[in-house]
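The values are calculated or read from the model by the stated rules, or taken from the named source; none is laboratory data. Owing to the predicted nature of the structure, the values given are computational and were not obtained by experimental measurement. FYI the Cβ positions are ideal-geometry reconstructions off the backbone, even for glycines, and counts take in every protein chain you see. Just so you know, the surface numbers come from the protein's heavy atoms only, side chains and all, with ligands and any DNA or RNA stripped out. Shrake-Rupley method; radii C 1.70, N 1.55, O 1.52, S 1.80 Å.
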Amino acid sequence: MLKVSGLHLGLDFTEQELRRAAARKLKVPESALGEVRLWKKSVDARKKDKVHFVCAAEVQAENENRLLAKCRDSSVQKVIPYRYEPPRVSKPLDPRPVVVGLGPAGLFAALLLAQCGQRPLVLERGLPVEERQKSVEAFWRTGALNPESNIQFGEGGAGAFSDGKLTTGTGDGRVRKVLEELAAAGAPAEILTEAKPHIGTDRLPEVVGHIRRQIEALGGQVFFGAKLAGITLKDSALQSITYICRDRRETLPCQSCILAVGHSARDVFELLQQKGLPLAPKAFSLGARIEHPAALIDRAQYGSFAGHPALGAADYKLSCHLPDGRGVYTFCMCPGGTVTGAASEPGGVVTNGMSPWLRDGENSNAALLVGVTPEDFGSGSPLAGIYLQREIEQAAYRAGGGAYKAPAQRVEDFLQNRPTKSFHGVSPTYQPGVSPAALAGCLPDYVVRSMQAALPVLGQRLRGFDYPDAILTAPETRSSCPVRVLRDDTLQSPLARGVYPCGEGAGYAGGIVSAAVDGLRCAEALLLAGCS
């Protein structure tokens with residue numbers, strides 16, 4: 001089997017056209033090919049009058065070795081079938097391994113442990129995804145926040161209420177296992193072929209629930225409403241963990257624990273600091289969600305091809321470096337999506353974005369973020385970034401007038417330093433609702449100045465990005481974790497053997513797939529250590 005890439009095809013290409021393009025690339029007649037199937041597909045919109053797909057295909061052909069020798073460029077390669085090989089384990093670990101957190105990292109760590117016969121115990125402070133959906137929808141509808149069941153906490157983690165984006169910059173081969181497991185659990189088959197795959201927030205909860213049930217069917221146990229409350233160490237090694245569930249305090253013997261708590265588990269980071277585990281402040285980003293009409297973004301990206309059913313809503317990824325050295329960039333772009341309330345603490349406003357599978361909403365949005373470093377935090381504490389996040393979120397709560405309404409401002413008003421009084425041209429989608437305001441009332445001055453400097457620059461790179469009626473809704477504070485839980489080459493805490501800091505919350509991932517990959521890596525490390 002050969003992989004043939006660089007196949008340029010029209011937006012309405014057929015299987016026959018894919019086959020013909022592969023034969024042309026290989027310089028053989030179509031009759032010399034056996035099976036031809038799509039491997040990857042991406043959009044090339046660099047020329048607005050010729051938007052098309054660039055594809056790669058897996059091809060069976062006669063005399064494949066001869067064809068490889070003849071095609072000397074990298075567009076034709078031998079397919080090496082992917083097969084994930086988990087560590088070989090001779091017997092179950094005793095005591096059973098524990099996974100704390102059931103976001104992408106914890107979910108895939110627990111799945112691998114279960115597939116290897118380890119029957120993990122999983123502690124999740126939030127609710128099952130079906131019940132969690134009700135809590136989140138009630139918050140959006142009424143502003144009634146459940147601090148333990150919200151966009152940040154509960155089965156599936158923060159990614160369960162997002163676009164379900166599966167793009168990642170990591171070249172780790174485990175990415176394929178993650179995508180295959182998601183597809184087997186009910187995610188659209190297209191995630192295996194799209195260059196920028198996504199599941200959609202309307203489909204992701206069902207997929208997450210399916211994987212959890214698979215863990216349970218393999219002997220794992222999942223405890224919901226179970227919040228980590230303590231760890232016991234002896235000679236710098238883990239002995240037990242304590243958790244609170246339904247107001248009862250329970251202690252489990254434990255010598256191996258994957259700590260995959262997510263970036264908003266601030267109480268856990270405080271607990272780890274109290275226990276003496278090494279933590280370090282980490283750079284992260286601050287800003288707001290920017291919301292445009294989806295049709296405007298589609299036209300800017302696709303020109304006259306905007307609206308073609310094969311394309312769907314357009315996305316973008318923008319960045320610039322300012323003269324003062326700060327970076328400004330877009331993140332978590334949600335085509336045809338909505339801005340959502342993502343608070344997890346009383347009295348604080350947090351925004352995020354999400355899209356359904358069809359990405360068919362009236363608006364498109366993304367985070368517009370400014371990079372901040374520990375030098376901006378105002379303190380040398382490892383948790384100083386968390387304190388800065390909280391300060392901004394509480395200021396936004398006040399600026400929005402309470403009830404978890406978010407302060408929002410038109411781009412034109414933001415650039416001219418005047419408060420917004422009303423919206424026109426774009427209807428804000430944030431729930432539980434917005435209050436017209438000046439974002440300078442909640443964001444630090446250096447963040448406001450950086451966003452103001454970047455908007456016209458980014459508007460030159462994507463026509464309409466600085467559209468006067470576009471809406472900025474603040475704050476976006478949880479794009480990544482501002483603290484790192486340090487680990488060594490064995491993926492364990494150097495001062496707490498048996499504790500495996502994992503995923504986005506520990507500072508080692510950014511997004512669903514990279515977090516899931518880190519969960520697999522930590523589970524592998526745990527298994528290898530347990531067998532040694």
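Which net charge results for the neighbourhood of Glu64, defined as the other residues with beta-carbon distances under 15 angstrom from its beta-carbon, given Lys and Arg at +1 and Asp and Glu at -1?
+4
What do you get for trypsin sites (Lys or Arg not before Pro) in the range 1-53 restricted to DSSP loop and a cutoff of at most 14 other Cβ within 10 Å of the site's Cβ?
Lys27, Arg46, Lys47, Lys48, Lys50
Which of (1) 70, 67, 42; (2) 78, 58, 45; (3) 101, 63, 43 is the computed Cα extents along the principal axes in Å for the structure on display?
(1)
Among the helices of the chain (complete DSSP H runs), which have Cα atoms covering no less than 24 Å along the helix axis and a Kyte-Doolittle mean of at least -0.5?
445-461, 512-531
Past 29 Å, Cα to Cα: identify those pairs from Lys47/Lys317; Lys91/Lys134; Lys78/Lys177; Lys41/Lys405; Lys78/Lys317, in the order given.
In this structure, Lys91/Lys134; Lys41/Lys405; Lys78/Lys317 lie more than 29 Å apart at Cα.
With all protein chains present, how much of the accessible area of the chain (probe radius 1.4 Å) comes from carbon and sulfur, to the nearest whole percent?
Looking at the chain in its full context, I get 50 percent from C and S.
In the chain, what cysteines have no partner Cβ closer than 4.7 Å?
Cys55, Cys71, Cys116, Cys245, Cys254, Cys257, Cys320, Cys332, Cys334, Cys442, Cys481, Cys531
Within the range 433-532, report the trypsin sites (Lys or Arg not before Pro) that DSSP leaves as loop and that have at most 14 other Cβ atoms within 10 Å.
Arg463
Can you give the calculated 222 nm mean residue ellipticity of the chain, where each DSSP H run of n ≥ 4 adds -39,500 (n - 2.57) and the sum is split over every residue, rounded to the nearest 500 deg cm²/dmol?
-8500 deg cm²/dmol
Of the GluC sites (Glu not before Pro) in the range 45-115, which ones lie in a loop per DSSP and count no more than 16 other C-beta atoms within 10 Å?
In loop regions of the range 45-115 (DSSP not H, G, I, E or B), the sparsely surrounded GluC sites (Glu not before Pro) are Glu62.
Could you report the chain's accessible area per residue, 1.4 Å probe, as an integer in Å²?
For the chain, the per-residue accessible area is 41 Å².
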